[in-house]
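Scroll down for the structure; my scribbles are underneath it.
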Amino acid sequence: MAKSVIIKEPYPPGDFAIWLVIYVELVTFGFMFLGYAFSRHADVVLFNKSQLLLNQTSGFIDTLILITGSYFIVKAVNLVKNAKGEQIIKEANQKASKWIAASVLFGCLFLINKLLEFSDIFGQGISLGTNKFFMFYLLLTMFHFMHVTLGTIILFNIFRRTKASAYSAENSRGIETGAVYWHLVDVLWIVLFPLIYIIR
């Protein structure tokens, strides 16, 4: 009686290098979050008063944008991971390209919305030297902005590869790596948004 062979997928998904990057990024942001928390504890009144100058609606919109973009990426990854056979692979990549294109669009929307928010903040005469709250606000949000920019570029390159039908069930590491990075960006914002914009 023939025994069935179970092929285990490599775990975690994506390249090992991306997980090293994620570890470094989480540690870096973790220290910045802790620095913010301790500074806020030392001067709650200043932090609460300064927080009122932020646009919470803009921050909430950013949250929806990133979460929706992550959903689109999950849809794209699932399509190519289940694609076997030349014709099915081609069809799956074409469908995935649309989901990735939507993710790229949402990444750009986040960047535009954040630039408008920065413009408003700087228009009020606020800078890194205004006070500790705005120092942390600008450092954290600008650092995260850079990550979203990189993530959007990565997704655009994945979009180009899906248009060339480059991914399949046997070759999905590239798209998984990009997805993992974007989910990192998403998770960091989910922590950053309530910490900076809401918690008082």
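The values are calculated or read from the model by the stated rules, or taken from the named source; none is laboratory data. No experiment lies behind these values; they were computed from the predicted model shown. Cβ: placed from backbone, ideal geometry, glycine included. Neighbour counts: every protein chain shown. Areas reflect the complete protein model, heavy atoms only, side chains present, ligands, DNA and RNA absent. Shrake-Rupley method; radii C 1.70, N 1.55, O 1.52, S 1.80 Å.
Which condition does HIS144 not pass, out of (1) under 9 Å from the mean Cα position of the chain (by Cα); (2) open to solvent by 30 Å² or more (accessible area, probe 1.4 Å); (3) at pLDDT 95 or above, if it passes all the others?
For HIS144, the exception is condition (2).
Going by the conditions given, is PHE60 more than 30 Å from SER168 (Cβ to Cβ), exposed (fewer than 14 other Cβ atoms within 10 Å of the Cβ) and within 18 Å of the chain's Cα centre (by Cα)? Full working, then the answer.
Values: more than 30 Å from SER168 (Cβ to Cβ): yes; exposed (fewer than 14 other Cβ atoms within 10 Å of the Cβ): yes; within 18 Å of the chain's Cα centre (by Cα): yes.
Spelling it out, PHE60 is indeed more than 30 Å from SER168 (Cβ to Cβ), exposed (fewer than 14 other Cβ atoms within 10 Å of the Cβ) and within 18 Å of the chain's Cα centre (by Cα).
Of the residues LEU195, LEU139, LEU155, LEU184, only one is open to solvent by less than 40 Å² (accessible area, probe 1.4 Å), hydrophobic (A, V, I, L, M, F, W, C) and over 20 Å from TYR71 (Cβ atoms); which?
Selected residue: LEU195, the only one of LEU195, LEU139, LEU155, LEU184 that is open to solvent by less than 40 Å² (accessible area, probe 1.4 Å), hydrophobic (A, V, I, L, M, F, W, C) and over 20 Å from TYR71 (Cβ atoms).
Mind telling me which of the residues LEU140, LEU150 ends up being of a type outside the set (Lys, Arg) and in contact with a helix residue (DSSP H, G or I) (Cβ under 7 Å, 6 or more places away or on another chain)?
Details: LEU150 fails: in contact with a helix residue (DSSP H, G or I) (Cβ under 7 Å, 6 or more places away or on another chain).
The conditions single out LEU140.
Return yes when ASN113 is out of contact with any helix residue (DSSP H, G or I) (no Cβ under 7 Å at 6 or more places or on another chain) and in a helix (DSSP H, G or I) and no when it is not. Full working, then the answer.
Numbers: out of contact with any helix residue (DSSP H, G or I) (no Cβ under 7 Å at 6 or more places or on another chain): no; in a helix (DSSP H, G or I): yes.
The answer is no for ASN113.
Residue by residue through the range 13-34, note down the ones that are among the charged types (D, E, K, R) and in a helix (DSSP H, G or I).
GLU25
For the range 109-136, name all the residues that are open to solvent by less than 50 Å² (accessible area, probe 1.4 Å) and in contact (Cβ under 8 Å) with a residue 60 or more places away in the chain.
Answer for the range 109-136, where residues must be open to solvent by less than 50 Å² (accessible area, probe 1.4 Å) and in contact (Cβ under 8 Å) with a residue 60 or more places away in the chain: GLU117, ILE121, ILE126, ASN131, PHE133, PHE134, PHE136.
Pick from the range 1-33 the residues that are among the hydroxyl-bearing types (Ser, Thr, Tyr) and farther than 21 Å from GLU176 by Cα: which of them is modelled with the highest pLDDT?
Step one: of the range 1-33, the residues among the hydroxyl-bearing types (Ser, Thr, Tyr) are 4, 11, 23, 28.
Keeping just the survivors that are farther than 21 Å from GLU176 by Cα gives 4, 28.
Working: SER4: 39, THR28: 92.
In this case the residue turns out to be THR28.
Quick check on my filter: what residues within the range 35-57 are open to solvent by less than 30 Å² (accessible area, probe 1.4 Å) and either at positive phi or not in a helix (DSSP H, G or I) (or both)?
LEU54
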